[in-house]
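First the structure, in the form of structure tokens, and then the observations on it.
The values are calculated or read from the model by the stated rules, or taken from the named source; none is laboratory data. Only a predicted model underlies this, so the values are computations on that prediction, with no experimental measurement involved. Don't worry about glycine lacking a Cβ; one is built from the backbone with ideal geometry, like all the others, and counts go over all protein chains shown.
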């Protein structure tokens, strides 16, 4: 069973974190535009169980490569950081994957874009994320809490408050609080 362990931190400016990553000789991986499509049952049984089902299209900016991954996320476990079961399956056709998921009885709840810059540092992935309506975040994902904590300190983010909700939860709250009925959140074109 794969487990996702991550720390998410809201920041005002990604350039400060990017400069720090460069200073500590982190390895740049890629820039990408992600489209995330979340699904649930009509009665929202996944949400009620604190689980998630997502189809992600990742378009790499540098080489134009596209990836499509279906992800199931289990309920959050106790821990200092967000910790949950994660099962991923790469697929080769985005539209066919949506059709399959819908035929299995799930419907789309929210689709949103995210700009993501990926770095590697000390056995962790460091993601610099920008989301429409929400702003800028840093996610540090790694194999153990202590390694994530060390990377967080290295990036001078140790004193910043952790963000516990997922991006979809934050976006859905934002839409509800602002009376927006949309189910698609994208960057302005």
Matching entry among 34, 42 (being over 20 Å from residue 164 (Cα atoms) and surrounded by fewer than 15 Cβ atoms within 10 Å (Cβ to Cβ)): 42
Pair list, Cβ under 8 Å, 6 or more apart: the range 144-166 residue at pLDDT below 95, other residue in a loop (DSSP other than H, G, I, E, B): 145/79; 145/80; 145/81
Which numbered condition residue 166 fails, given (1) over 14 Å from residue 8 (Cα atoms); (2) crowded, with 16+ Cβ neighbours inside 10 Å; (3) under 16 Å from the mean Cα position of the chain (by Cα): (1)
The listed residue being under 20 Å from residue 166 (Cβ atoms), without any contact (Cβ under 8 Å) to a residue 12 or more places away in the chain and more than 15 Å from the chain's Cα centre (by Cα), out of 48, 2: 48
Only listed residue being assigned to a strand (DSSP E or B), in contact with a strand residue (DSSP E or B) (Cβ under 9 Å, 6 or more places away or on another chain), modelled with pLDDT of 95 or more and surrounded by fewer than 16 Cβ atoms within 10 Å (Cβ to Cβ), chosen from 10, 25: 10
Residue within the range 140-162 that is surrounded by 14 or more Cβ atoms within 10 Å (Cβ to Cβ) and within 20 Å of residue 38 (Cα to Cα) present: no
